[in-house]
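**Student:** Sending over a structure as structure tokens; questions will come in a sec.
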Amino acid sequence: MPTEPKPKPDRITGIRHLFAAAGYSVAGIRRLWGETAFRHEALGLPVIAVLFWASAAPLWAYGVFLILWFVLIAVEALNTAIEVMVDHISPHWSEAARDAKDLGSLAVMALLWANGVFVAYVLLCAFYG
């Protein structure tokens, strides 16, 4: 038996909105933690930090990598949101659903490559520069 749709909650404003927004972000992190790809990307942060430390990478390299990593996590979150919405809207296979998921995956892969190229550059400079 189908359930009745829930009414839309009242809009939160003022200072309460800041706390609510923080709660939404924490819920998003919890949801994203369920994704294997995110857990692998999260593991990359300490692994690369150790590699940079072992290679005596300059401080600016840590900063640039941290920015690239945060952008990767943001795009991974958006990709997961696309997948969730596509699965909700189009529960059966469709070409449009496949394309939306593939394009989200491409965005994540592009940032993985950007991170990898940067890390390789830093490590090559550290050992051969």
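Quick note: the coordinates plus some simple rules give every number you see, no bench work behind them. Being a predicted model, the structure only gives us computed values, none of them experimental. No Cβ is skipped: glycine too gets one built from the backbone with ideal geometry, and neighbour counts run over all protein chains shown.
**Student:** Would you mind calculating the relative contact order of the chain from Cα pairs under 8 angstrom and at least 6 residues apart, reporting the percent as a whole number?
**Tutor:** Reported relative contact order: 29 percent.
**Student:** Separate question: Rounded to the nearest 10 degrees, what's the angle between the helix 59-89 long axis and the longest principal axis of the chain, both from Cα atoms, 0 to 90?
**Tutor:** With both axes taken from Cα atoms, the answer is about 30 degrees.
**Student:** If you keep only loop residues by DSSP, which trypsin sites (Lys or Arg not before Pro) in region 1-54 have at most 16 other Cβ atoms within 10 Å of their Cβ?
**Tutor:** On the way: sites: R11, R16, R30, R31, R39; in loops: R11.
Sites meeting the loop and neighbour criteria: R11.
**Student:** Now for a separate question. Rounded to the nearest 0.05, what FRET efficiency do H17 and S90 have when you use their Cβ-Cβ distance and R0 = 25 Å?
**Tutor:** 0.20
**Student:** Suppose every Lys and Arg Cβ carries +1 and every Asp and Glu Cβ carries -1, with no other charges. What dipole size does the chain come out with about its Cα centre, to the nearest 20 debye?
**Tutor:** Here the size comes out at about 420 debye.
**Student:** Which residue fluctuates the most in the chain, going by a Gaussian network model with Cα springs under 10 Å, if the choices are A21, A110, A57?
**Tutor:** Ranking A21, A110, A57 by mean-square fluctuation puts A21 first.
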